[in-house]
């Protein structure tokens, strides 16, 4: 009679833009685990040796999926299935909202931006006073660098850098607006953070996920086998931050290394 390894317990998950993250209580060390097999319904979506799994590439409209996990031991024996966990990825504001001002296209590519795909060494000469972009007047291919460098980047002067994004509003918004900052990649260990400011008010310190350190020379995260590690940062911006007329959003990169843009945008709510 085959001895089944124990089933895992405590499976739970959390959704984000394009991803679901699962965690569970690992089985006892007495069991020599080869891997945990992760399923959506009856479809295997991944294997891991850790009690943790990130299901990526789920798109930008929220969908609830039913996950379960099976323990597989070193002899190939399989446990009973864990209890199911229903988890939804989040709907992006690029789907649910209306664009107010954007730079770049939210498509997993950065090729439409200045210096892309691998001209980062030209940043100091092209942007000696950093990026200053006006929506409706500036041109992405000329005026918005595909990378925002940080103080860890010797090629950009080993100093802090700022990206300034200017846009007009006909009136103070009636509801909060939303920021979407999509990256095709970032430095694998030094992505760190940047300070977000709107009209001179510090709103937040944005922490970036570590990427694959490939986005400085590759502009496309969408093709099969792409080595890039895209990430998606979205957050509300209180309506009180904005004014009728000229508005200014700034990203001040005072920690770590570069991030590689997919696109940046301000969205209103439907």
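The values are calculated or read from the model by the stated rules, or taken from the named source; none is laboratory data. All values derive from a computational prediction rather than experimental measurement. Virtual Cβ from ideal backbone geometry, glycine too; neighbours counted across all protein chains shown.
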Report yes if residue 156 is in contact with a helix residue (DSSP H, G or I) (Cβ under 6 Å, 6 or more places away or on another chain), more than 28 Å from residue 18 (Cα to Cα) and modelled with pLDDT of 95 or more, otherwise no.
yes
Say whether the condition of being in contact (Cβ under 8 Å) with a residue 40 or more places away in the chain, more than 21 Å from the chain's Cα centre (by Cα) and in the same structural domain as residue 236 (by TED's automatic domain parsing) is met by at least one residue in segment 139-149.
no
Restrict the check to segment 92-104 and report whether at least one residue is on the phi > 0 side of the Ramachandran plot and modelled with pLDDT of 95 or more.
yes
Residue list for segment 156-176, restricted to those being under 25 Å from the mean Cα position of the chain (by Cα), surrounded by fewer than 17 Cβ atoms within 10 Å (Cβ to Cβ) and farther than 14 Å from residue 101 by Cβ:
158, 159, 160, 175, 176
Residue that is at pLDDT 95 or above, within 18 Å of residue 146 (Cα to Cα) and surrounded by fewer than 22 Cβ atoms within 10 Å (Cβ to Cβ), where the choices are 207, 201, 197, 213:
213
Can you name every residue in segment 83-99 that is over 19 Å from the mean Cα position of the chain (by Cα) and under 25 Å from residue 71 (Cβ atoms)?
83, 84, 85, 86
Restricting attention to segment 124-137, and to residues there that are in contact with a strand residue (DSSP E or B) (Cβ under 8 Å, 6 or more places away or on another chain) and touching a residue at least 24 places away in the same chain (Cβ under 8 Å), which single residue is farthest from residue 258 (Cα to Cα)?
136
